[in-house]
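Asker: Below you will find the structure I want to go over with you.
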Amino acid sequence: MSVTPPNRRVALLTLGCARNEVDSEELAARLDAGGWEVGTDAESADVVLVNTCGFVEKAKQDSIDTLLAAADTGAKVVAAGCMAERYGKELAESLPEANAVLGFDDYTDIATRLDKVLAGESLDAHTPRDRRELLPITPVQRHTAKVVVPGHATVDEHTPAHLRKVLRRRLDNGPVASLKLASGCDRRCAFCAIPAFRGSFVSRDPQELLAEAEWLAKSGVRELVLVSENSTSYGKDLGDPRLLEKLLPQLAGIDGIVRVRASYLQPAETRPGLVEAIATTPGVAAYYDLSFQHSSEPVLRRMRRFGSTERFLELLDSARKLAPWAGARSNFIVGFPGETKQDVDELVRFLTEARLDAIGVFDYSDEDGTEAAGLTGKVSEGAIKRRYDRVVALAEELCAQRAEDRIGNTVEVLIDTVDGDEVEGRAEHQAPEVDGSTTLVAGDQGADLTVLRPGDLVRATVIGTEGVDLIAVPVEMISAAPVPAA
């Protein structure tokens with residue numbers, strides 16, 4: 001009979017998107033329940049569990065580099081997450097430094113898997129499969145399927161959703177946390193491999209979400225960032241495609257939560273009611289994270305997407321009619337197969353007129369298993385680089401101008417960090433990590449910065465900018481963060 005060793009320490013390292021961060025905190029809860037000491041310091045761990053990203057080539061390389069660096073610590077190394085799920089045995093064979101490569105189906109018994117790794121046992125890596133095939137085609141039938149979906153764990157399915165134990169352990173104590181609305185995607189964008197390894201779209205029960213949000217609020221969270229592969233589809237498999245509109249005010253009404261932010265919106269599915277709910281609901285950030293990807297109709301059709309410059313501008317205008325200073329961000333791909341100089345000019349026209357606060361630009365590269373990888377009309381690497389450089393330079397200029405337009409405005413800033421007299425937070429149009437930040441300064445009136453703490457929500461006047469970042473002077477406390485219990 002084997003004896004489980006005491007003081008087993010695991011470091012959880014998370015790469016990629018906010019959805020992965022939520023998955024890591026589910027893994028942390030499972031490991032904690034299994035007797036592991038969970039942290040994020042690889043240097044002091046017996047096992048380093050890397051939650052990898054498998055989205056694009058750079059993200060995959062970052063995952064490999066992190067796994068190799070973890071191996072240098074002398075700890076056992078385990079790969080999990082999207083890259084591990086996507087490549088399975090192939091990754092295990094090409095990366096012998098990893099002691100195990102685990103897929104999503106391993107998550108429910110992750111503590112036992114790591115026990116075996118620590119004991120020196122060899123675990124077979126899985127053979128990847130299209131996870132869309134595991135769920136019914138009809139969305140409303142998916143909740144009856146017994147399929148592992150990270151971030152959707154049910155401890156006790158016989159207990160009402162709002163009474164279930166929250167299977168999550170926070171890995172930091174910051175005032176912001178992501179809340180996963182759903183997993184998977186039913187769209188078939190030609191450039192994207194995510195649906196194949198993340199599976200079809202599955203919403204979480206709204207009562208379960210509210211219970212987790214209340215749990216997060218009690219742990220000190222002040223801002224909830226709603227994440228998924230496609231938040232505008234939330235509720236379609238629960239029989240109510242308008243469920244997100246109804247959920248937003250409920251989340252914003254939770255005691256302790258001062259801001260709710262929706263992200264990952266698909267323009268083609270962003271209905272007028274949702275635009276209005278985001279713009280006008282108290283406690284919900286007037287912020288639109290819209291996945292445009294391009295604005296030229298021919299390129300969008302080849303991408304298997306919908307829209308155009310004019311339709312996208314109309315969507316933004318409808319939001320700004322309700323909230324004139326609403327934030328808006330998006331990502332774009334340049335160099336997609338078949339893209340012409342005229343298509344790039346059309347994208348430039350859209351960006352110039354759209355007045356976006358943040359713009360992400362990706363240079364196209366073929367991704368394994370995607371339709372786009374087999375398309376003709378490939379753009380040369382040199383042309384892609386020139387187009388990428390052009391759009392990036394324009395994006396930086398336009399976003400800096402948009403930030404300057406906010407000088408003199410009053411903004412509501414949620415404070416993230418306080419380091420001596422350096423106070424940094426984010427205004428309503430600034431999502432964590434991707435949209436810049438707001439630095440609070442004393443100003444001519446000598447505002448007292450010493451009273452401010454992470455989690456405070458303050459009203460401030462913008463007096464300057466540095467690129468997309470704002471500089472502002474606090475003028476009023478809107479909601480002070482609760483004082484931690486002694």
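Asker: Only Lys, Arg, Asp and Glu count, each charged at its Cβ (+1, +1, -1, -1), so figure out the dipole size of the chain about its Cα centre, rounded to 20 debye.
Answerer: Dipole of the chain, to the nearest 20 debye: 1420 debye.
Asker: How large is log10 I(q)/I(0) at q = 0.11, 0.15, 0.21, 0.23 Å⁻¹ when the Debye formula is applied to the Cα atoms of region 12-136, each weighted equally and without solvent?
Answerer: Summing over Cα pairs of region 12-136 leads to -0.32, -0.62, -1.29, -1.58.
Asker: Would you kindly state how much longer the chain becomes between ARG355 and ASP62 on full extension, computed as 0.36 nm times their sequence separation minus their alpha carbon distance, in nm to one decimal?
Answerer: 102.3 nm
Asker: Shape call for region 100-217 from the C-alpha gyration tensor, a ≥ b ≥ c root eigenvalues: rounded (a/c under 1.5), prolate (a/b greater than b/c) or oblate?
Answerer: Oblate is the answer for region 100-217, as a/c is 1.5 or above yet b/c matches or exceeds a/b.
Asker: Also: Compare the Cα positions of CYS185, LEU210, VAL441 along the charge dipole of the chain (+1 at Cβ of Lys, Arg; -1 at Cβ of Asp, Glu; about the Cα centre) and return the one farthest towards the positive end.
Answerer: So the residue we want is CYS185.
Asker: Enumerate the helices in the chain for which the Kyte-Doolittle hydropathy averages -0.5 or more and the C-alpha atoms extend at least 15 Å along the helix's axis, using complete DSSP H runs.
Answerer: Helices meeting the criterion: 57-71, 206-218, 309-322, 341-354.
Asker: While we're looking at this one, here's another question. Please give the charge dipole size of region 310-404, origin at the Cα centre, charges +1 on K and R Cβ atoms and -1 on D and E Cβ atoms. Round to the nearest 20 debye.
Answerer: 300 debye
Asker: Then there is this: Which of rounded, prolate, oblate describes region 157-227, given a ≥ b ≥ c as roots of the alpha-carbon gyration tensor eigenvalues and a/c under 1.5 marking rounded, otherwise prolate only if a/b is larger than b/c?
Answerer: Since a/c reaches 1.5 but b/c is at least a/b, the shape of region 157-227 is classed as oblate.
Asker: Of ALA383, HIS126, GLY174, which is farthest on the positive side of the dipole of the chain, counting Cα position, with +1 on Lys and Arg Cβ, -1 on Asp and Glu Cβ, and the Cα centre as origin?
Answerer: Positive-most Cα among the choices belongs to HIS126.
Asker: Extending each Cα 7 Å along its Cβ direction at LYS341 and THR144, get the distance between those two points in nm, one decimal.
Answerer: Simple spin-label model gives 5.8 nm for this pair.
Asker: Report, by chain and number, residues whose modeled amide H sits under 5 Å from the one on ALA328, excluding near sequence neighbours (fewer than 5 apart, same chain).
Answerer: TYR288, ASP357, ALA358
Asker: Still on this model: Can you run the Rg to Rh ratio on the chain? Use alpha carbon positions and the Kirkwood inverse-distance Rh.
Answerer: With Rg and the Kirkwood Rh in hand, the quotient comes to 0.96.
Asker: Let me ask something additional. Taking K and R as +1 and D and E as -1, what net charge do the other residues with C-beta under 10 Å from the C-beta of ILE415 add up to?
Answerer: Around ILE415, the surrounding residues sum to 0.
Asker: OK, next. Rounded, prolate or oblate, given the Cα gyration tensor of region 7-72, with a/c below 1.5 counting as rounded?
Answerer: Judged from the Cα gyration tensor, region 7-72 comes out oblate (a/c at least 1.5, b/c at or above a/b).
Asker: Which of the listed residues, THR280, ALA33, ILE463, is farthest toward the dipole's positive end in the chain, when Lys, Arg count +1 and Asp, Glu count -1 at the beta-carbon?
Answerer: THR280
Asker: Now, a different point. Can you send over the carbon and sulfur percentage of the accessible area for the chain, probe radius 1.4 Å, protein chains only?
Answerer: That fraction is 50 percent.
Asker: Hey, got the dipole for region 61-120? About the Cα centre, +1 on K and R Cβ, -1 on D and E Cβ, debye to the nearest 20?
Answerer: 140 debye
Asker: Using only alpha carbon pairs under 8 Å that are at least six residues apart, calculate the relative contact order of region 397-479 and give it in whole percent.
Answerer: Relative contact order, region 397-479: 34 percent.
Asker: Related question: May I ask you to derive the FRET efficiency for LYS89 and LYS116 from their Cβ-Cβ distance with R0 = 22 Å, giving the value to the nearest 0.05?
Answerer: The value I calculate is 0.80.
Asker: Just the number please: accessible area per residue for the chain, 1.4 Å probe, all protein chains included, in Å².
Answerer: Computed with neighbouring chains in place, this is 44 Å² per residue.
Asker: I've got another one for you. What is region 1-145's relative contact order, in percent, from Cα pairs under 8 angstrom and six or more apart in sequence?
Answerer: Contact order relative to length: 20 percent.
Asker: Excluding same-chain residues fewer than 8 positions from LYS58, which lysines have a Cα within less than 28 Å of its Cα?
Answerer: In chain and number order, the partners are LYS76, LYS89, LYS180, LYS341, LYS378, LYS385.
Asker: Another question about this same structure. Please work out how much length the chain gains when fully extended from GLN207 to LYS385, using 0.36 nm per residue of separation minus the C-alpha to C-alpha distance, in nm with one decimal.
Answerer: So the extension gain works out to 59.4 nm.
Asker: Another question, if that's okay. What whole-number distance in Å separates the alpha-carbon centres of region 215-292 and region 401-452?
Answerer: Measuring centre to centre over Cα atoms gives 23 Å.
Asker: How much length would be gained if the chain were fully extended between GLU97 and ARG453, taking 0.36 nm per residue of separation minus their Cα-Cα distance, in nm to one decimal?
Answerer: Length gained, GLU97 through ARG453: 123.9 nm.
Asker: Which whole-number percentage describes the relative contact order of the chain, with Cα contacts under 8 Å and a sequence gap of 6 or more?
Answerer: 9 percent
The values are calculated or read from the model by the stated rules, or taken from the named source; none is laboratory data. Here the structure is a predicted model, which means the values were calculated and not measured. Every residue, glycine among them, receives a Cβ derived from its backbone with ideal geometry; neighbour counts consider all protein chains shown. Only protein heavy atoms, including side chains, enter the accessible area calculation; ligands, DNA and RNA are left aside. Shrake-Rupley method; radii C 1.70, N 1.55, O 1.52, S 1.80 Å.
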